[in-house]
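Novice: Sending over a structure as structure tokens; questions will come in a sec.
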Amino acid sequence: MPQKRSLAADVVERLREAIWTGNLPPGMKLREEQLAEFLGVSRGPIREAFGQLEREGLVLREPNKGATVARLSREDLEEVYSLRLSLERLAVALAVRNAEAQHLTEMQGVLDTMAAYVERGITEQEAATLDIRFHEILCQSSKHKRLYNFWLMLRPQIYIFFLSRNVANPDFRDHIVRSHQGIFDAVLDRDEARAVRLLEEHLRDAYERILPIYAQ
């Protein structure tokens with residue numbers, strides 16, 4: 001049984017990565033038999049993976065129609081933004097109280113990498129991965145397990161929205177480092193009011209940068 005769960009988790013990871021990178025584009029029909037043959041597994045782990053990816057909002061399954069890669073919509077963006085705002089506002093407030101030295105070191109490490117990548121020219125995938133990682137550690141440092149688990153369910157959709165950002169814009173390159181550093185510094189100073197305010201501003205800015213892509 002453990003081996004089966006491990007295999008299914010591997011299939012989930014590979015399919016999720018293919019969706020994130022665009023190798024499985026939105027609207028594409030996902031056929032169990034073809035994917036099973038390509039990945040060298042039985043159809044059971046493929047079905048399990050579809051269930052997990054459906055819960056993450058990356059796959060749609062309909063009776064008698066099978067599974068397709070989901071198209072994220074304006075409504076999806078609004079829902080993800082509103083949930084992130086609620087979850088991360090609480091997360092950063094708790095992080096001010098509960099973050100340990102390990103969390104702070106990991107977050108600063110992400111920020112240092114982000115700054116180095118921006119300096120040499122950051123890609124959409126790099127920006128999305130580092131941005132996600134910073135917020136993941138922030139939620140971990142809240143020490144609120146259920147909050148963290150709910151945030152993990154949103155993570156795949158957040159990543160896809162992040163891929164639509166224009167990282168070549170000089171304003172974005174400056175913003176991605178500066179805004180995250182501001183949140184981190186407030187957590188480091190144990191200043192809850194400042195941390196919450198900066199987090200809210202940061203998420204609002206992220207939403208407004210993505211909104212034009214989904215406006216129609």
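Novice: Work out the charge dipole of the range 74-214 with +1 on the Cβ of Lys and Arg and -1 on the Cβ of Asp and Glu about the Cα centre, then indicate which of A93, F172, I213 is farthest towards its positive end.
Specialist: Value: A93.
Novice: What per residue convex hull volume, in Å³, comes out for the chain when only alpha-carbon positions are used?
Specialist: 138
Novice: Taking the Cα atoms only, what angle lies between the long axis of helix 124-141 and the longest principal axis of the chain, rounded to 10 degrees?
Specialist: Taking the Cα atoms of the chain, the angle to 124-141 is about 70 degrees.
Novice: Let me ask something else. Can you tell which of R204, R61, R120 shows the greatest fluctuation in a Gaussian network model of the chain with Cα springs below 10 Å?
Specialist: Among R204, R61, R120, the largest GNM mean-square fluctuation belongs to R120.
Novice: Okay, next question. Run the numbers on the chain and let me know its relative contact order in percent, using alpha-carbon pairs under 8 Å that are six or more apart.
Specialist: For the chain, the relative contact order is 23 percent.
Novice: Let me ask something else. Any chance you could give the angle, 0 to 90 degrees and rounded to 10, that helix 170-188 forms with the longest Cα principal axis of the chain?
Specialist: Its long axis makes an angle of about 70 degrees.
Novice: Under the Karplus relation 6.51 cos²θ - 1.76 cosθ + 1.60, θ = phi - 60°, what is the ordered set of whole-Hz ³J(HN,Hα) values for the range 143-153, x standing for Gly and Pro?
Specialist: Residue by residue, the range 143-153 yields 6, 10, 4, 5, 4, 4, 5, 5, 5, 4, 5 Hz.
Novice: In degrees between 0 and 90, to the nearest 10, how far off the longest principal axis of the chain does helix 192-214 point, with axes built from Cα atoms?
Specialist: 40
Novice: Right, something else. Can you show me the helix-derived [θ] at 222 nm for the chain, built from DSSP H runs with n ≥ 4 at -39,500 (n - 2.57) apiece and divided by the number of residues, rounded to the nearest 500. Walk me through the numbers on the way to the answer.
Specialist: Working: 9 runs with 163 residues, N = 216.
Computed ellipticity for the chain at 222 nm equals -25500 deg cm²/dmol.
Novice: Once phi is turned into ³J(HN,Hα) by the Karplus curve 6.51 cos²θ - 1.76 cosθ + 1.60 with θ = phi - 60°, what whole-Hz value does each residue of the range 155-160 show in order, with x for glycine and proline?
Specialist: Karplus-based 3J(HN,Hα) across the range 155-160 equals 3, x, 6, 4, 4, 5 Hz.
Novice: Further question: Report the extension gain between A101 and D10 in nm, rounded to one decimal, defined as 0.36 nm multiplied by the number of residues separating them, less their alpha carbon distance. Before the final figure, lay out the partial values.
Specialist: Values: separation 91, 0.36 × 91 = 32.76 nm, distance 3.16 nm.
Result: 29.6 nm gained on full extension.
Novice: Given the options G40, G22, G109, state which has the largest fluctuation in a GNM of the chain using a 10 Å cut-off (strictly under) for Cα springs.
Specialist: Result: G40 has the largest fluctuation of those listed.
FYI, it's all coordinate maths here, none of it is from the lab. From a predicted model like this one, the values you see are computed outputs, not experimental measurements. Don't worry about glycine lacking a Cβ; one is built from the backbone with ideal geometry, like all the others, and counts go over all protein chains shown.
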